[in-house]
Amino acid sequence: ITKMAMKGSNSWKEDTALLEATEDDEDEETPLRRNSELASELLEITIDTMVDEVIEVVDKTLQDKQKLRTFRIFLVLYTIFLAPCLWFLFDELLTPSIAPEVIPMTPSVIGLAGFVLTIYFLYGILRLFVYKFNWKHNSKTSAQHKEDLLRISRLSVSLGVVGRVANRVHASDGFLFIFLIIYYTGFVTVIYEVTKNLNIVLTKDCVRNPFTILVTGTSFAVIVGVLTLHIIYAASDRELAEFLGFLLFGTLLHVGLAMAPGQVHIHIHHWYWAFAIAHICVFDSRTSQLAQAMFCGSYIHGVALFGVEKCFYETAGEDEGYA
């Protein structure tokens, strides 16, 4: 019995010593345990990264689908927008007829006043509309409003005289022309709001945006078509040299400024290119009338909602937030 008791006591001591040794081993960080913890942390990081990548891909896919859906809507609207002008453009190009005359440059004071007042009216209506429905636009102070209206007046005099808009307004179908300007201004406003997430802007980075390339290419094709028709009319009316001289002068002026020495960021706002091109639509034809109304609508939309913005900036960062 005494031997058995002594043996049990020794066994208990051995077990106690073994337990203490095990606890000491657990307190010490072994390489195996450290590697296990590192592997666990690495696995956790890998899983988190994969989840983040999956979420990013899903978000990008949804955004791309939304952009494609938006672009399809834009194509429908843009087709409707261009359809009347294209109809008359092809009709006048393919159907031989007597070439229309150039509208006289001597402006009608009544027509010029009517055109400027129409722009003032649309300026106020557009500002109220987009503010109420929170559509895209730039906020302006009272001073900015007055400065923009002053600049718009000067620009509109150029359109009224050189672009012959004043005489169109004072013609027998002047009310139709005013209606077309209002119609196209409203249409551009809707199109611009629909496509605001597509970032369609004319800058040096536009080549990276397929939507900008397609829209710019389509618009350029329409402009070339209208310009070709006007050159044909100018040749028939024996005023080709004067018309081409006007186009050449305007083109060289803009290209020269763009390529002149100095590091600048160029952004051709939609108000500006529309304003400039509207000056070539000087013939008494339906295509010329519709094209000029379209360009005037784009011009009015731009200056009313975003201001008479400049085209040359010191840096691209200075251009942020502008349309």
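No lab work stands behind these numbers, since they all come straight from the coordinates. Bear in mind that the values here come from a model prediction, so they are computed numbers and not experimental data. Virtual Cβ from ideal backbone geometry, glycine too; neighbours counted across all protein chains shown.
What the phi angles of the range 127-140 give under the Karplus curve with 6.51, -1.76 and 1.60, with θ = phi - 60°, is a coupling list of 4, 5, 5, 5, 5, 5, 9, 6, 7, 5, 6, 9, 6, 9 Hz, glycine and proline written as x.
With θ taken as phi - 60° and the Karplus curve 6.51 cos²θ - 1.76 cosθ + 1.60 applied, the whole-hertz 3J(HN,Hα) list for the range 99-104 is 5, x, 8, 6, 5, x Hz, x standing for glycine and proline. Across the range 229-236, computed HN-Hα scalar couplings (Karplus, 6.51 cos²θ - 1.76 cosθ + 1.60, θ = phi - 60°) run 4, 5, 5, 4, 5, 5, 5, 5 Hz from first to last residue, x flagging Gly and Pro. If a spin label sat at a point 7 angstrom from the Cα of residue 161 along the line to its beta carbon, the backbone N atoms of the range 262-303 nearer than 19 Å would be those of 275-283.
What shape does the range 181-316 take by its C-alpha gyration tensor, where a ≥ b ≥ c are the square roots of the eigenvalues and a/c under 1.5 counts as rounded, a/b above b/c as prolate, and the rest as oblate? Note, shape of the range 181-316 comes out oblate.
About its Cα centre, what dipole magnitude does the range 250-323 give when the only charges are +1 on Lys and Arg Cβ and -1 on Asp and Glu Cβ, stated in debye to the nearest 20? Mind dumping the intermediate values first?
Numbers: 2 positive and 6 negative charges, 65 e Å.
In debye, rounded to 20, the range 250-323 gives about 320.
Using a simple spin-label model with pseudo-atoms 7 Å out from Cα toward Cβ, residue 128 and residue 76 lie 3.0 nm apart. Taking 29 Å as the limit for the C-alpha separation, the pairs 67/146; 67/132; 196/310 exceed it in the case of 67/146. Counting every C-alpha pair in the range 106-250, the share spaced more than 27 angstrom apart comes to 40%. Across the options 217, 188, 125, the greatest Cα extent toward the positive end of the charge dipole of the range 112-253 (unit charges at beta carbon of Lys, Arg, Asp, Glu) belongs to 125. Let me make sure I get this right: for the range 97-184, a, b and c are the square roots of the gyration tensor eigenvalues over alpha carbons, sorted descending. Under 1.5 in a/c it's rounded, otherwise prolate if a/b > b/c, else oblate. Which is it? Here the range 97-184 falls in the prolate category.
Can you give me the Kirkwood hydrodynamic radius for the range 250-319, using every pair of distinct Cα atoms, in Å to one decimal?
Numbers: mean 1/r = 0.0742 Å⁻¹.
Hydrodynamic radius (Kirkwood, Cα pairs) of the range 250-319 is 13.5 Å.
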